[in-house]
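Undergrad: Okay, handing you the structure first.
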Amino acid sequence: MILDGLFWVITQMYLGLAGVVHVLLNAGTYFDYSDKTNLMRLVHYGASTELFFALFNVALLVWIIGWVRRDFLWGVVCGMEGFANTVGRIAAWAGLLMVLQQIMVVFLQSIFRIGEISIGPFGVGMTESVGWWGDSLKLWNAVVVCLCCAWTFTQRGHVRVDLVYANVSHRTKRLIDMGGALFFMIPALVLTYFYAWFFLWRHLINPKVNASDTLERTLMKARAVKWNVETIGFSPNGFDGYILFKFLLLGFCVMMIIQAVAFFYRSFLEYVEGEDSADKFHDPDKLGDETAERAAEIH
């Protein structure tokens, strides 16, 4: 049974590599989404075993190169972490927007008794009810939650339940980190991504698609497929852009998977290079450090 499982994994790795080469050689055909058949192929392969093993091959190749060229692997880690930091630092401003919008809603509704609010940024006007503006505050909260998680993880701001980690050696810590990323973090995120992918498309097109559909069954639906973007709110005058939450869930999964792979690479490099490489090329936020230093000076 073990040999059968190993043979299956090797076969899937080969098919994933062959699929990437085939798509690259026929990119002009596959990325023409005016053809509904290609759209349904995207839906099917966007959360498929083939895609997983194609990306697994890329990650494995990068890791193998990193054994020989550690400077190359450090560059990959810095790029991945830099991406998470950049997106997170920008998305964090959604928290300020949420506060300002809440103040605007409360002020205009409670004092002036206004039923609708109109804004016209960049010459594009929109008028929505106060209820819509109040309900849309959830979107800014979702932006912070979904797009800042990878940034928080990169900044070591995540919650860690520490039973033995603090009292073990540097290399043991790195082994624990690698095992946690490989056997817990990545599998959980991949499963969440698969759910989020079909959850999104079930609210974008008709007929509905399912994770259990074969490629042939999915392509059969191309004959009748049409866009049916969800625009229904939870209340009559409430926020009707809930499809954006499904995109954010998918974005959360993608960013966290990238960060999980980066964490595995970093842990491997710090294991190989020893204790002196701990937090090498790490880009911490400066504001917290400065605040901590000032607090220490005061005390």
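Undergrad: In whole Hz, what ³J(HN,Hα) sequence does segment 155-160 give by Karplus (6.51, -1.76, 1.60; θ = phi - 60°), x for Gly and Pro?
TA: These are the phi-based 3J(HN,Hα) values: 7, 6, x, 6, 7, 10 Hz.
Undergrad: Just from its helices, what would the mean residue ellipticity at 222 nm be for the chain, if runs of 4 or more DSSP H residues each count -39500 (n - 2.57) and the sum is divided by every residue, rounded to the nearest 500 deg cm²/dmol?
TA: So the helix-based figure for the chain works out to -22000 deg cm²/dmol.
Undergrad: Sticking with this one: How many percent of the accessible area of segment 17-70 is carbon or sulfur, using a 1.4 Å probe?
TA: 71 percent
Undergrad: Another question, if that's okay. Just give me a number: lysine pairs in the chain, eight or more positions apart or cross-chain, with C-alpha atoms less than 30 Å apart.
TA: For the chain, qualifying lysine pairs total 15.
Undergrad: Could you give the dipole magnitude of segment 80-206 about its Cα centre, charging the beta-carbon of Lys and Arg +1 and that of Asp and Glu -1, in debye to the nearest 20?
TA: In total the dipole reaches around 440 debye.
Undergrad: For segment 149-299, what is the relative contact order in percent, using Cα pairs closer than 8 Å and at least 6 residues apart in sequence?
TA: Relative contact order here is 34 percent.
Undergrad: Note down the net charge around Ile176, summing +1 for each Lys or Arg and -1 for each Asp or Glu among other residues with Cβ under 14 Å from its Cβ.
TA: +2
Undergrad: Tell me, what is the per residue accessible area of the chain in Å², probe radius 1.4 Å?
TA: The answer is 61 Å² per residue.
Undergrad: Quick check: at a probe of 1.4 Å, how many percent of the accessible area of segment 110-261 sits on carbon and sulfur atoms?
TA: Details: 5790 of 8780 Å².
Roughly 66 percent of what the probe reaches on segment 110-261 is carbon or sulfur.
Undergrad: In nm, to one decimal, how far is the Val68 label point from the Leu42 one, both placed 7 Å along Cα→Cβ?
TA: Those two pseudo-labels are separated by 3.7 nm.
Undergrad: Using mean Cβ contacts within 10 Å as the protection proxy, how do 37-45, 267-275, 204-212 order, highest first?
TA: Working: 37-45: 18.8, 267-275: 16.8, 204-212: 14.0.
Per-residue Cβ counts within 10 Å, averaged per peptide and sorted highest first, yield 37-45, 267-275, 204-212.
Undergrad: Please report, in debye to the nearest 20, how large the charge dipole of the chain is about its Cα centre when each Lys and Arg carries +1 at its beta carbon and each Asp and Glu carries -1 there.
TA: 760 debye
Undergrad: I would also like to ask the following. Divide, for segment 35-79, the radius of gyration over alpha carbons by 2.2 N^0.38 Å, where N is the residue count. Display every interim value, and only then the final one.
TA: Details: Rg = 15.3 Å, N = 45, 2.2 N^0.38 = 9.3 Å.
Compared with the compact-globule rule of thumb, segment 35-79 sits at 1.63.
Undergrad: Another question, if that's okay. By how many nm would the segment from Asn228 to Ala278 lengthen if fully extended, with 0.36 nm per residue of separation less the alpha-carbon distance?
TA: On the way: separation 50, 0.36 × 50 = 18.00 nm, distance 4.98 nm.
Difference between extended and current length: 13.0 nm.
Undergrad: While we're looking at this one, here's another question. Give me D for segment 1-96 in µm² s⁻¹, whole number, from Stokes-Einstein with Rh from the Kirkwood sum over alpha-carbon pairs, 20 °C and 1.002 mPa s.
TA: 131 µm²/s
Undergrad: For Ile205, enumerate residues with amide H under 5 Å from its amide H, sequence gap 5+ or separate chain, H modeled in the peptide plane.
TA: Here the answer is Asn228, since their amide H atoms fall under 5 Å of that of Ile205.
Undergrad: Would you list Thr11, Thr29, Thr154 from the most to the least accessible area, probe 1.4 Å? Walk me through the numbers on the way to the answer.
TA: Details: Thr11 45, Thr29 85, Thr154 0 Å².
So the residues, ranked largest to smallest area, are Thr29, Thr11, Thr154.
Undergrad: With label points built 7 Å along Cα→Cβ from the Cα atoms of Ile176 and Thr11, find their separation and express it in nm.
TA: In this crude spin-label approximation the distance works out to 4.0 nm.
Undergrad: Order the following by accessible area, largest value first: Met220, Met98. Probe radius 1.4 Å; ligands, DNA and RNA are ignored.
TA: Met220, Met98
Undergrad: Percent relative contact order of segment 111-208, based on C-alpha pairs within less than 8 angstrom and at least six residues apart?
TA: This gives 10 percent for segment 111-208.
Undergrad: I would also like to ask the following. If packing is taken as the average count of other Cβ atoms within 10 Å, what order do 13-24, 235-246 fall into, highest mean first?
TA: Per-residue mean Cβ counts within 10 Å order the peptides as 235-246, 13-24.
Undergrad: What percent do you get for the relative contact order of the chain when only Cα pairs under 8 Å and 6+ apart count?
TA: Numbers: 291 pairs, mean separation 70.9, N = 299.
Result for the chain is 24 percent.
Undergrad: Hey, if we sort Cys253, Cys146, Cys78 by accessible area with the 1.4 Å probe, largest down, what's the order?
TA: Working: Cys253 0, Cys146 20, Cys78 50 Å².
Largest accessible area first, the list is Cys78, Cys146, Cys253.
Undergrad: Here is a further query. Report the extension gain between Ala188 and Arg160 in nm, rounded to one decimal, defined as 0.36 nm multiplied by the number of residues separating them, less their alpha carbon distance.
TA: Here the segment from Ala188 to Arg160 would lengthen by 8.4 nm.
The values are calculated or read from the model by the stated rules, or taken from the named source; none is laboratory data. Values in this document were obtained by computation on a predicted structure and should not be read as measured data. Ideal geometry is used to build each Cβ from the backbone, glycine not excepted, and the neighbour counts take in all protein chains shown. Quick note on the areas: whole protein, heavy atoms, side chains included, nothing else; ligands and nucleic acids left out. Shrake-Rupley method; radii C 1.70, N 1.55, O 1.52, S 1.80 Å.
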